[in-house]
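The values are calculated or read from the model by the stated rules, or taken from the named source; none is laboratory data. Fair warning: this is a prediction, and the values are worked out from it, not measured in the lab. Cβ: placed from backbone, ideal geometry, glycine included. Neighbour counts: every protein chain shown.
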Amino acid sequence: ETGVTQTPRHLVMGMTNKKSLKCEQHLGHNAMYWYKQSAKKPLELMFVYSLEERVENNSVPSRFSPECPNSSHLFLHLHTLQPEDSALYLCASSQELNQPQHFGDGTRLSIL
Amino acid sequence: AQSVTQLGSHVSVSEGALVLLRCNYSSSVPPYLFWYVQYPNQGLQLLLKYTSAATLVKGINGFEAEFKKSETSFHLTKPSAHMSDAAEYFCAVRVYGGATNKLIFGTGTLLAVQP
């Protein structure tokens with residue numbers, strides 16, 4: 001139990017579907033992150049939120065849309081995805097922006 | 001720009017043998033360095049971190065890493081491997097400056113432990 005819960009654990013969707021990934025942290029942290037983990041590539045930071053404000057958008061295509069309604073929840077809204085978007089999407093949180101990050105177990109996304 | 005390089009995408013050791021996973025960093029400023037472990041079907045778990053205090057850092061599960069500025073290295077070691085150590089290990093460096101706590105990760109080293 002890491003304190004960071006991601007749902008669903010697995011998601012299969014077509015390129016025209018719209019779906020959302022959810023992340024919830026029970027640690028009282030103020031910063032949250034989305035990462036993409038693809039096979040044979042380093043972990044890629046996608047978005048960073050601090051106190052519900054986006055502080056980094058790491059050149060992510062607009063078909064990925066994050067939302068942080070409060071400091072405990074982070075969403076990643078997906079639409080019109082491409083096959084190359086198939087990956088493990090990891091959420092993380094930290095107490096503050098300069099503190100170590102705690103990761104969830106990820107959502108395995110497959111685009112058909 | 002800061003970066004980390006992990007030498008060896010796969011490492012195999014026997015149970016009870018020394019574990020050595022290599023990480024070299026590139027940074028023009030004193031780096032903050034991390035090792036994370038990822039077990040199958042799980043997210044990343046922080047093993048240990050170096051933040052410019054002691055150069056020998058002890059982490060969880062018997063792992064430790066030594067920061068060597070002269071060699072720009074931060075190798076991860078464990079004296080005696082256990083079957084439960086089989087996982088993928090990632091070295092990371094925190095990007096200096098800014099307010100985003102951005103981590104740059106290496107490509108990972110998959111550790112196999114043979115009985």
**Message:** Can you pull out every residue in the stretch A:55-96 that is facing chain B (nearest Cβ under 10 Å) and of a type in the set (D, E, K, R)?
**Reply:** A:56, A:96
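Quick one: which residue in B:26, B:9 is exposed (fewer than 14 other Cβ atoms within 10 Å of the Cβ), touching a Gly at 6+ places or on another chain (Cβ under 8 Å), of a type in the set (Gly, Ala, Ser) and in contact (Cβ under 8 Å) with a residue 12 or more places away in the chain? Before you say what the answer is, go through the steps one by one.
Working: B:26 fails: touching a Gly at 6+ places or on another chain (Cβ under 8 Å).
Only one candidate qualifies: B:9.
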**Asked** Looking at (1) touching a helix residue (DSSP H, G or I) at 6+ places or on another chain (Cβ under 9 Å); (2) in contact (Cβ under 8 Å) with a residue 40 or more places away in the chain; (3) under 24 Å from residue A:94 (Cα atoms), can you tell me which one residue B:76 breaks?
**Response** (1)
**Message:** Regarding the stretch B:41-57, can at least one residue be identified that is of a type in the set (Val, Ile, Thr), over 14 Å from residue B:90 (Cα atoms), in contact (Cβ under 8 Å) with a residue 60 or more places away in the chain and away from chain A (no Cβ under 14 Å)?
**Reply:** no
**Message:** Which residue is modelled with the lowest pLDDT, if the candidates are limited to the stretch A:1-25 and must be within 21 Å of residue B:37 (Cα to Cα), in a loop (DSSP other than H, G, I, E, B) and of a type outside the set (Gly, Ala, Ser)?
**Reply:** A:1
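Among the hydrophobic types (A, V, I, L, M, F, W, C) and closer than 30 Å to residue B:5 by Cβ: which single residue out of A:15, A:46 fits that description? Step through it out loud before you land on a result.
On the way: A:15 fails: closer than 30 Å to residue B:5 by Cβ.
Answer to the selection: A:46.
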**Request:** Of the numbered conditions (1) surrounded by fewer than 20 Cβ atoms within 10 Å (Cβ to Cβ); (2) at pLDDT 95 or above; (3) not polar (S, T, N, Q), residue A:106 fails exactly one; give the number of that condition.
**Result:** (1)
**Message:** The conditions are (1) at positive phi; (2) without any contact (Cβ under 8 Å) to a residue 12 or more places away in the chain; (3) among the acidic types (Asp, Glu), and residue A:52 fails exactly one of them. Which is it?
**Reply:** (2)
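Listed here are the residues, each with its yes/no results for (1) surrounded by fewer than 20 Cβ atoms within 10 Å (Cβ to Cβ); (2) of a type in the set (Ser, Thr, Tyr); (3) under 20 Å from residue B:1 (Cβ atoms); (4) within 14 Å of chain A (Cβ to nearest Cβ).
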residue: B:59; (1), (2), (3), (4): yes, no, no, yes
residue: B:62; (1), (2), (3), (4): yes, no, no, no
residue: B:69; (1), (2), (3), (4): yes, no, yes, no
residue: B:84; (1), (2), (3), (4): yes, yes, no, no
residue: B:92; (1), (2), (3), (4): no, no, yes, yes
residue: B:101; (1), (2), (3), (4): no, no, yes, yes
residue: B:104; (1), (2), (3), (4): no, no, yes, yes
**Request:** Restricting attention to the stretch A:49-69, report how many residues are in contact with a Lys or Arg (Cβ under 9 Å, 6 or more places away or on another chain) and within 30 Å of residue B:7 (Cβ to Cβ).
**Result:** 3
**Message:** Whether any residue in the stretch A:31-48 is of a type in the set (Asp, Glu) and over 26 Å from residue A:111 (Cβ atoms) is what I want to check.
**Reply:** no
**Message:** Can you tell me how many residues within the stretch A:97-110 are of a type outside the set (Gly, Ala, Ser), out of contact with any Lys or Arg (no Cβ under 8 Å at 6 or more places or on another chain) and more than 8 Å from chain B (Cβ to nearest Cβ)?
**Reply:** 1
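Condition check ((1) among the polar types (S, T, N, Q); (2) over 21 Å from residue B:51 (Cβ atoms); (3) touching a residue at least 24 places away in the same chain (Cβ under 8 Å)) across all residues:
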{"site": "A:58", "(1), (2), (3)": "yes, yes, no"}
{"site": "A:63", "(1), (2), (3)": "no, yes, no"}
{"site": "A:69", "(1), (2), (3)": "no, yes, no"}
{"site": "A:74", "(1), (2), (3)": "no, yes, yes"}
{"site": "A:79", "(1), (2), (3)": "no, yes, yes"}
{"site": "A:82", "(1), (2), (3)": "yes, yes, yes"}
{"site": "A:91", "(1), (2), (3)": "no, yes, yes"}
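Quick check, is residue B:43 at pLDDT below 95 and surrounded by 13 or more Cβ atoms within 10 Å (Cβ to Cβ)? Break it down stepwise before answering.
Details: at pLDDT below 95: yes; surrounded by 13 or more Cβ atoms within 10 Å (Cβ to Cβ): yes.
Yes, satisfied.
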